[in-house]
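The next block holds one structure in the form of structure tokens; read it before the comments.
The values are calculated or read from the model by the stated rules, or taken from the named source; none is laboratory data. Just so it is clear, the model here is predicted, and its values are computed rather than measured. Note: ideal-geometry Cβ built from the backbone for every residue, glycine included; neighbour counts use all protein chains shown. These area figures cover heavy atoms from the full protein model, side chains too; ligands, DNA and RNA do not enter into them. Shrake-Rupley method; radii C 1.70, N 1.55, O 1.52, S 1.80 Å.
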Amino acid sequence: MSKVLVLYGSSRASSNTELLTKKAIAGVNVKEVYLREFTIKPIVDGRHAEHGFDDVDDDYNTIIKQVEQSDIILFSTPIYWYSMSGLMKNFVDRWSQTLRDPKFPDFKEKMSRKKAYVLAIGGDQPRIKGLALIDQFRWIFEFVGMSFGGYIIGQGNKPNEVLQDEVALLSAKKLNEELKTFNAAN
């Protein structure tokens, strides 16, 4: 069964990031994961340790299993200091461990069958200053072989401000149509 997964990286409920993403997924069958509702511990790099990575007692594996079961993943994050949120970065950093975890065989190969989108919202010239974030995601997706479907960068600082960004809303509508077509075909 084909699935669309949204990973929300905002620490605030009803954030501008969430509002724009909700526009993009309206009427689409999706699984939504709010990273702020889970405990994901930072990575302890064990790549060069003789025993490798240690098991971590947190919620990360629950989420990565949902990622593996999805066909399309929307990475929804505010732009914090010209990058993704700490919640999102912490989650993505743990992929280094998953790439070597025997509980997740062929992780990179499975990721290569997925399509990714990024929705990012910032308050200070985000369409310029957010491009570093988009490049960061582009390199992450390339590393694991994911197809990069595109991105939306919206303008919003104060609550609900993104709803005034006509360019972002139009882009969300276009993505919504694409996701509905995908749902109908699968």
The lone condition K31 fails out of (1) among the basic types (K, R); (2) modelled with pLDDT of 95 or more; (3) out of contact with any strand residue (DSSP E or B) (no Cβ under 9 Å at 6 or more places or on another chain) is (3)
Practice task
Check whether at least one residue in region 6-14 is within 14 Å of the chain's Cα centre (by Cα), open to solvent by 20 Å² or more (accessible area, probe 1.4 Å) and at pLDDT 95 or above, and report yes or no.
Solution key: no
Filter region 152-170 for residues that are assigned to a helix (DSSP H, G or I) and open to solvent by less than 80 Å² (accessible area, probe 1.4 Å); the one that is nearest to P78 (Cα to Cα) is V162
Condition set out of contact with any Phe, Trp or Tyr (no Cβ under 8 Å at 6 or more places or on another chain) and among the polar types (S, T, N, Q), scope region 66-76, selection least open to solvent (accessible area, probe 1.4 Å): answer is S70
Taking first residues from region 165-178 that are closer than 14 Å to T17 by Cβ and second residues anywhere that are charged (D, E, K, R) and open to solvent by 70 Å² or more (accessible area, probe 1.4 Å), the pairs with Cβ under 8 Å that are 6 or more apart or on different chains are L169/K23; A172/K23
Among residues of region 34-54 being more than 26 Å from G156 (Cβ to Cβ) and touching a Lys or Arg at 6+ places or on another chain (Cβ under 9 Å), the residue modelled with the highest pLDDT is K41
Of I25, I63, the only residue that is open to solvent by less than 20 Å² (accessible area, probe 1.4 Å) and closer than 18 Å to F141 by Cα is I63
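Any chance region 121-129 includes a residue that's among the charged types (D, E, K, R), out of contact with any strand residue (DSSP E or B) (no Cβ under 6 Å at 6 or more places or on another chain) and within 10 Å of N16 (Cβ to Cβ)? Show your work before the answer.
As a first pass, look at region 121-129 and keep what is among the charged types (D, E, K, R): 124, 127, 129.
Checking the rest, the ones that are also out of contact with any strand residue (DSSP E or B) (no Cβ under 6 Å at 6 or more places or on another chain) come to 124, 129.
Next, from what is left, pick out any that are within 10 Å of N16 (Cβ to Cβ): none.
No - not one qualifying residue is present in region 121-129.
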